[in-house]
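Here's the structure we're looking at; comments come further down.
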Amino acid sequence: MGTRKQRERQEPLWYQGELPEAPGHPFYQRLNRVLDEEGFDRFCEGSCRKFYHEKLGRPSLAPGIYFRLMMIGFFEGLDSERGIAWRVADSLTLRQFLRIGLDERTPDHVTISRTRRLIGAEAHQQVFGWVLKRLARGGLMKGKTIGIDSTTLEAR
């Protein structure tokens, strides 16, 4: 399984000033801070361990990166893996959020789609439920239930 630990990188061998840099988006910076403090990547890897094989197949997309990609899709209003892949490849801020260096390739839409099909619906629900609780506790979202209507109407 691709894990965040395996992706730790050596410091670059060139001067940082030579690379383009983005100031980042305050929301994504704060979101990453909350996720890091709560151990998001470890939680995702534990929740998704059964969907990955240790040795077979091509190198996989780390679960933490996959779920961050899905969050980007939600926050940016992107409803396709292709749209998410294009947006991430084109944005320095989103690369920073995903912690993908300028010298690394961003995930393509096929990899994102394959990972989505690989990970079961119950794992998606578990991870996003966990995220919602942490974001509410971290002050990044708030809301309340105003009313629930379960009226059955006859269609005409």
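The values are calculated or read from the model by the stated rules, or taken from the named source; none is laboratory data. As the structure is a computational prediction, the values presented were derived from the model and not from experiment. Cβ coordinates were reconstructed from backbone atoms using ideal geometry, including for glycine residues, and neighbour counts include every protein chain displayed. In case anyone asks, the SASA skips ligands and DNA or RNA and just uses the protein heavy atoms, side chains included. Shrake-Rupley method; radii C 1.70, N 1.55, O 1.52, S 1.80 Å.
For Gln126, work out the one condition from (1) more than 25 Å from Pro26 (Cβ to Cβ); (2) free of Cβ contacts under 8 Å to residues at least 60 places away in the same chain; (3) open to solvent by 80 Å² or more (accessible area, probe 1.4 Å) it doesn't fulfil.
Only one criterion in (1) more than 25 Å from Pro26 (Cβ to Cβ); (2) free of Cβ contacts under 8 Å to residues at least 60 places away in the same chain; (3) open to solvent by 80 Å² or more (accessible area, probe 1.4 Å) is unmet by Gln126, namely (2).
Going through the stretch 68-109 one residue at a time, which ones are under 16 Å from His124 (Cα atoms) and open to solvent by less than 20 Å² (accessible area, probe 1.4 Å)?
The answer is Arg68, Leu69, Met71, Ile72, Gly73.
Enumerate the pairs (first residue in the stretch 53-67 and closer than 14 Å to Ile112 by Cβ and open to solvent by 10 Å² or more (accessible area, probe 1.4 Å); second residue anywhere and aromatic (Phe, Trp, Tyr) and modelled with pLDDT of 75 or more) with beta-carbon separation below 8 Å, excluding pairs fewer than 6 apart on the same chain, so at least 6 apart or on different chains.
The qualifying pairs are Ser60/Tyr52.
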